[in-house]
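Structure first, commentary second.
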Amino acid sequence: MSARRRTGPAVRRALLGALLPLVLLAGAGCATDPPEPRAAARDGAVDPAGRPVTLTVGVFGAFGLKEAGLYDAYMRLHPGIAVRQSSIERNENYYPQLLTHLVTGSGLADVQAVEVGNIAEVVATQGGRLLDLGAVPGVDRAAFLPWKWAQGTGRDGRTVALGTDIGPQAVCYRKDLFARAGLPTGRAAVARLWAGNWRRFLAAGRRFAARAPRGTAFTDSASGVLAAATGSAAVRFYDERGALVVDRNPAVRDAWDLAASFAREGLTARLQQFTPGWDQGFANGAFATVACPAWMLGYIEDKAGPAGRGRWDVAAAPRPGAWGGSFLVVPAAGPHRTEAARLAAWLTAPAQQARLFARRGSFPSASAAYRLPAVADARHPYFGDAPVGRIFAGAALGVPRAPVGPKDGLIAQHLADLGMLQVDQAGRDPDGAWRAALRSIDNALDR
């Protein structure tokens, strides 16, 4: 099992749970939580035995809903309902159990979380066992990003999953290293270096390398470049019909060739992401840039430590893209379907997503939340008081509506760990590594 496999999005959520509430809010309204909507009814719902209803929520890792106080807020609004959470740390353990429970109709929580890498499979194969949350009173399709709403909607038009958070991407960079290499340091000027094209990011890397401080690389890893560039493509591993196209999609091959150029030209620190060496690279200033979704800010702050405060900043990525995110679903076999659907709708409403961002750093999938002060005015003092709410909202609004397939996560892992990592660290020929990665994907998918 590779290091990336051990530290997939679910595990990263557990690692980052304690790190992300460091986004501070600017402006007069930032000291308070976003207003909570008034309860539609204090109906004192009871179960068949006459007891107050207890709703269970099954999640993976430190999902953030409990930690942000959302369950407590809901129980204050609905005194007849109790909310209890169960959590399995690793999604690779959580997800197979969820599938088994959905098929058997037993052992399910009233509300279940689903990671974005699994959502296509859940919608396609388990949609009939889930409630249509798009039909729940109060759920507003227009409040969500269109591409996020589409990921939770099946071919039959039923929306069986409501988005919680997303991972819009930016580029985090070291201002001090940029200055020593003769590059601009202001975030607007830095963004202009590579605006519109990942090839311009490569050109910026070459400029950095010409005058780079001794012992520093332009970026952390070729695999990171591959993931970021692929994540901004309109078609990635699957097409609109659900067909696997990874081996013949020009966008994926272009991203591969781009990442290989970084590796072959010595522009990376040749690190594998989410390993001890990568963590140490933040502390040592081994690289000047890293493609960073919103949830990575807390991770960087933790690993770079106090010495990195004010040295790191955030600029827009060459093209908008996304990495990470989750959903909530309500199994039809649950005993409290109506109450569970109301809870899922409330937890994913814009006001609650804004509160989750303010307290945990999970960026909202509800675009209506971007107008709320908790998001619109958010700044991060560690990153030079960067306006992270505005930067990541801009990225989120520009993410292409790319099809998500049932094995997106597995494919990305094989391209990175069994392909590009060999080019970056072992100097393997990119064409040979590409063919080897495709063979490993075929084997993993039993093709």
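Any read-out appearing in this document is the output of simple, stated calculations on the displayed coordinates, not a laboratory observation. Here the structure is a predicted model, which is why all the values come from computation and not from measurement. Ideal geometry is used to build each Cβ from the backbone, glycine not excepted, and the neighbour counts take in all protein chains shown.
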Relative to a virtual label point 7 Å from the Cα of Ala150 in the Cα→beta-carbon direction, which members of segment 217-234 show backbone nitrogen distances below 15 Å? 232-234
Per its Cα gyration tensor (rounded if a/c is under 1.5, else prolate when a/b beats b/c, else oblate), segment 237-311 is best filed as prolate
A student applying the Cα gyration tensor rule (rounded when a/c is under 1.5; otherwise prolate if a/b is larger than b/c, oblate if not) would label segment 309-418 oblate
Furthest towards positive pole of dipole, Leu131, Gly321, Ala143, structure part the chain, Cβ charges: Gly321
Which angle from 0 to 90°, rounded to the nearest 10, does the C-alpha axis of helix 116-126 make with the longest principal axis of the chain? 40
In segment 291-398, what trypsin sites (Lys or Arg not before Pro) fall in a loop by DSSP, with at most 14 other Cβ atoms inside 10 Å? Arg309
At 0.36 nm per residue, minus the direct Cα-Cα distance, what do Glu265 and Ala124 gain on full extension? Give it in nm, one decimal, please. 46.5 nm
Student exercise, segment 335-440 dipole from Lys, Arg, Asp, Glu Cβ charges, in Debye to nearest 20: 460
If you take the charge dipole of segment 95-249 about its Cα centre, with +1 on Lys and Arg Cβ and -1 on Asp and Glu Cβ, which of Gly152, Ile166, Leu98 is farthest toward its positive end? Ile166
Taking a label point 7 Å from the Cα of Gln280 along Cα-to-Cβ, the residues of segment 173-217 whose backbone nitrogen sits under 20 Å from it are 214-217
Give me, ordered by chain and number, the residues 5 or more places off Arg90 or on other chains with an amide H under 5 Å from its own placed amide H. Gly61
Mind checking which lysines have their C-alpha under 29 Å from Lys148, skipping anything on the same chain fewer than 8 residues away? Lys66, Lys407
Toy charge model, Lys and Arg Cβ at +1, Asp and Glu Cβ at -1: segment 271-379 dipole around Cα centroid in debye, rounded to 20, equals 240
Sequence gap at least 6, Cα distance under 8 Å: using those rules, report the relative contact order of segment 245-313 to the nearest whole percent. 23
If you take Cα extents along the principal axes in Å from the coordinates, which of (1) 73, 56, 34; (2) 67, 59, 40; (3) 66, 46, 42 do you get? (1)
Cut-off 11 Å, label point 7 angstrom out along Cα-to-Cβ of Ser86: give me the residues of segment 339-355 whose amide nitrogen falls inside. none
Let's see if you can work this out: charge +1 on each Lys and Arg Cβ, -1 on each Asp and Glu Cβ, no other charges. What is the dipole magnitude of the chain about its Cα centre, in debye to the nearest 20? 980
Tell me, what is the percent relative contact order of segment 276-431, built from C-alpha pairs under 8 Å that lie six or more residues apart? 22
Taking a ≥ b ≥ c as the square roots of the Cα gyration tensor eigenvalues, with a/c under 1.5 meaning rounded and otherwise prolate when a/b beats b/c or oblate if not, segment 59-126 comes out prolate
Scoring the chain by relative contact order with C-alpha pairs under 8 Å, at least six apart, yields a percentage of 26
So in the chain, what percent of DSSP beta bridges are antiparallel if you round to the nearest 5? 70
